[in-house]
Ligand code: TYD
Ligand code: MG
């Protein structure tokens with residue numbers, strides 16, 4: 001006798017499973033987050049006689065690097081690892097309103113202009129709204145250039161699948177957004193974990209069998225997770241996050257996962273009246289509003305993937321208010337590293353900042369994760385504490401150890417090149433130890449000031 005399909009309930013917040021519905025999830029304590037999911041209790045087992053046989057092969061053999069579809073957007077190509085891999089699935093995540101639809105529409109039009117048949121399916125906007133956006137982006141001035149672009153408004157994955165299976169012409173398909181998609185067989189609302197997962201699974205399966213590249217747009221919730229499922233991240237080949245502060249112009253596209261390339265690349269864009277503009281030289285942009293001669297600021301030469309970027313680290317010190325612990329407000333950097341540097345400055349250099357509130361900000365809305373920023377942070381702190389601006393023509397990089405020693409960091413020459421390119425005359429860097437031949441060579445016109453210990457900086 002066939003068993004009744006089993007019903008489970010999945011918490012939309014923490015993904016815990018239970019067999020009984022409840023108003024509140026027992027795992028995470030959230031209210032009204034349990035949603036029903038029905039699965040067939042016993043999967044049909046075929047007998048070994050009927051089942052096919054695996055074709056096994058050897059590990060050695062020649063491999064071709066995957067082909068790439070050039071999106072014509074350099075910053076996007078970079079993050080993808082050189083373009084879209086045919087047949088792959090890419091998830092583009094980000095906060096609502098950050099510019100995902102804009103970027104993807106620009107990409108779709110660019111692909112169509114280079115004669116790639118593309119399909120853009122919107123479950124969020126009506127066709128007229130997309131047309132208006134295209135007009136705003138000035139993408140429609142030569143309509144025949146966009147002959148290879150098909151537009152559709154739908155949330156029905158079965159319809160989308162049937163269309164794609166029948167037409168089989170599209171090379172790239174964009175789904176905006178996966179949270180609006182819906183499959184009739186799944187008994188929950190669009191945007192729920194089950195719907196998102198089943199819809200994504202169906203679309204990815206289709207991409208692999210029909211042979212198009214799939215781009216799924218997904219909204220990120222306030223908590224930072226892709227609304228509904230983290231599972232999506234496991235299902236796709238690449239995950240790109242579109243980040244930025246809505247109050248700022250800059251948008252950063254960051255690779256979080258990539259089966260076909262590096263994940264530490266970033267693409268930098270600026271949101272303008274006519275859509276997203278690429279920023280080939282982010283350092284100049286991030287430093288554009290910097291004013292020299294202000295205490296508490298230092299320029300850091302960082303690396304984002306293979307790419308050097310110069311950023312400004314700003315520090316503001318103020319006397320602690322009240323009896324409690326001093327405040328440490330950090331934007332764009334790691335607050336535990338800030339505490340460490342404060343401790344080192346106090347213990348090794350006698351700079352007492354324990355009774356001060358510290359506010360630290362990295363300009364441009366970028367987040368730094370490199371310890372190489374230690375020296376710039378220390379320089380900004382020392383400058384704020386002494387009231388003396390750091391030299392306006394210097395940039396900093398180097399890691400700081402617990403005894404106050406300044407340690408070497410990777411890719412010094414690349415950083416120096418970028419510092420030179422932006423017209424700085426001096427770079428404050430870790431003292432070179434070891435093989436003299438391996439000493440990083442600065443570009444012409446850039447002087448190196450090597451520092452072995454933080455106390456050199458204080459002097
Ligand atoms: P959108 O791409 O709709 O965001 P998402 O798909 O991530 O939700 O971007 C919407 C925002 O971008 C909106 O606030 C308006 C702004 N915008 C511009 O500033 N310039 C433009 O050319 C366009 C199309 C949008
Ligand atoms: Mg959108």
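Go through region 111-127 residue by residue and tally those that are surrounded by fewer than 19 Cβ atoms within 10 Å (Cβ to Cβ) and in a helix (DSSP H, G or I). Can you show your working first?
Here is the first cut: in region 111-127, the residues surrounded by fewer than 19 Cβ atoms within 10 Å (Cβ to Cβ) are 113-115, 117, 124-127.
If we keep only those that are in a helix (DSSP H, G or I) too, we end up with 113, 127.
The total comes to 2.
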* Asked: Can we say residue 234 is on the phi < 0 side of the Ramachandran plot, surrounded by fewer than 16 Cβ atoms within 10 Å (Cβ to Cβ) and assigned to a helix (DSSP H, G or I)?
  -> yes
* Would you be able to say whether some residue in region 303-315 is at pLDDT 85 or above and either within 30 Å of residue 134 (Cβ to Cβ) or not in a strand (DSSP E or B) (or both)? => no
* Asked: So residue 54 fits all but one of (1) in contact (Cβ under 8 Å) with a residue 24 or more places away in the chain; (2) more than 16 Å from ligand 2 (Cβ to nearest atom); what number is the exception?
  -> (1)
* Structure fact -> Within region 369-403, residues being surrounded by fewer than 19 Cβ atoms within 10 Å (Cβ to Cβ), at pLDDT 95 or above and under 16 Å from residue 424 (Cα atoms) number 0
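Let's see how each residue does on (1) farther than 18 Å from residue 254 by Cβ; (2) in contact with a strand residue (DSSP E or B) (Cβ under 9 Å, 6 or more places away or on another chain); (3) assigned by TED's automatic domain parsing to the domain that holds residue 233:
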| position | (1), (2), (3) |
| --- | --- |
| 82 | no, no, yes |
| 85 | yes, yes, yes |
| 105 | yes, yes, yes |
| 115 | yes, no, yes |
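Among 186, 174, which is the only one that is within 26 Å of residue 107 (Cα to Cα) and buried (at least 19 other Cβ atoms within 10 Å of the Cβ)? Steps first, answer last, please.
Values: 186 fails: within 26 Å of residue 107 (Cα to Cα).
Matching residue, one of 186, 174: 174.
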* Structure fact -> From the option list 191, 211, 218, single residue qualifying as touching a residue at least 60 places away in the same chain (Cβ under 8 Å) and within 16 Å of ligand 1 (Cβ to nearest atom) is 218
* Out of 58, 24, 78, which single residue is surrounded by fewer than 10 Cβ atoms within 10 Å (Cβ to Cβ) and modelled with pLDDT under 95? -> 58
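When you look at residue 331, is it within 16 Å of ligand 2 (Cβ to nearest atom) and either within 19 Å of residue 414 (Cβ to Cβ) or surrounded by 13 or more Cβ atoms within 10 Å (Cβ to Cβ) (or both), yes or no? Step through it out loud before you land on a result.
Numbers: within 16 Å of ligand 2 (Cβ to nearest atom): no; either within 19 Å of residue 414 (Cβ to Cβ) or surrounded by 13 or more Cβ atoms within 10 Å (Cβ to Cβ) (or both): yes.
So residue 331 fails the test.
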* Inspect region 125-147 for any residue being within 19 Å of residue 184 (Cα to Cα) and within 16 Å of ligand 1 (Cβ to nearest atom) and give the result as yes or no. => no
* **Test: residue in region 153-165 that is free of Cβ contacts under 8 Å to residues at least 40 places away in the same chain, in contact with a strand residue (DSSP E or B) (Cβ under 6 Å, 6 or more places away or on another chain) and within 16 Å of ligand 1 (Cβ to nearest atom)** => yes
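For the subset of region 269-297 comprising residues that are part of a strand (DSSP E or B) and within 16 Å of ligand 1 (Cβ to nearest atom), which member is surrounded by the fewest Cβ atoms within 10 Å (Cβ to Cβ)?
Result: 272.
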* **Odd one out for residue 164, checked against (1) within 16 Å of ligand 2 (Cβ to nearest atom); (2) over 27 Å from the mean Cα position of the chain (by Cα); (3) surrounded by 21 or more Cβ atoms within 10 Å (Cβ to Cβ)** => (1)
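Could you tell me which of the residues 233, 202, 184 is out of contact with any helix residue (DSSP H, G or I) (no Cβ under 8 Å at 6 or more places or on another chain), under 30 Å from residue 34 (Cα atoms) and away from ligand 2 (no atom under 16 Å from the Cβ)? Break it down stepwise before answering.
On the way: 202 fails: out of contact with any helix residue (DSSP H, G or I) (no Cβ under 8 Å at 6 or more places or on another chain); 184 fails: out of contact with any helix residue (DSSP H, G or I) (no Cβ under 8 Å at 6 or more places or on another chain).
When all the criteria are applied, what remains is 233.
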* Structure fact -> Filtering region 61-73 for residues that are touching a strand residue (DSSP E or B) at 6+ places or on another chain (Cβ under 6 Å) and modelled with pLDDT under 95 leaves a count of 0
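The values are calculated or read from the model by the stated rules, or taken from the named source; none is laboratory data. Fair warning: this is a prediction, and the values are worked out from it, not measured in the lab. In this analysis, Cβ positions are derived from the backbone assuming ideal geometry, glycine residues included, and neighbour counts consider all displayed protein chains.
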